[in-house]
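Peer 1: So that we are looking at the same thing, I have put the structure below in structure tokens.
The values are calculated or read from the model by the stated rules, or taken from the named source; none is laboratory data. What you are looking at is a predicted structure, and each value in this text was computed from that prediction instead of being measured. Methodologically, a virtual Cβ is constructed for each residue, glycine included, from the backbone with ideal geometry; neighbour enumeration extends over all protein chains shown.
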């Protein structure tokens with residue numbers, strides 16, 4: 001995610017608790033989505049949950065991107 005901001009992400013994770021929380025939450029959602037999608041038992045029955053998680057993940061990604069843009073401009 002955001003390879004162009006790799007160094008800035010590392011910096012922010014070390015000094016910005018809010019950014020770190022959002023970043024970790026995004027990664028947790030990514031893992032949950034992958035687990036649901038890759039599980040043949042839950043994949044079909046969890047389609048609605050997967051969709052909701054993807055919407056949440058995208059919202060977090062947008063927030064992270066805004067923080068990164070602001071921090072890179074500073």
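Peer 1: List the residue pairs whose Cβ atoms are under 6 Å apart, where the first residue sits in segment 53-74 and is surrounded by 13 or more Cβ atoms within 10 Å (Cβ to Cβ), the second is not in a helix (DSSP H, G or I), and the two are 6 or more positions apart or on different chains.
Peer 2: none
Peer 1: Among (1) within 14 Å of the chain's Cα centre (by Cα); (2) touching a residue at least 12 places away in the same chain (Cβ under 8 Å), there is one condition residue 34 misses while meeting the rest; what is its number?
Peer 2: The single condition residue 34 does not satisfy is (2).
Peer 1: Any idea how many residues of segment 3-42 are at pLDDT below 95, outside any helix (DSSP H, G or I) and surrounded by 13 or more Cβ atoms within 10 Å (Cβ to Cβ)?
Peer 2: Of the residues in that region, 1 qualify.
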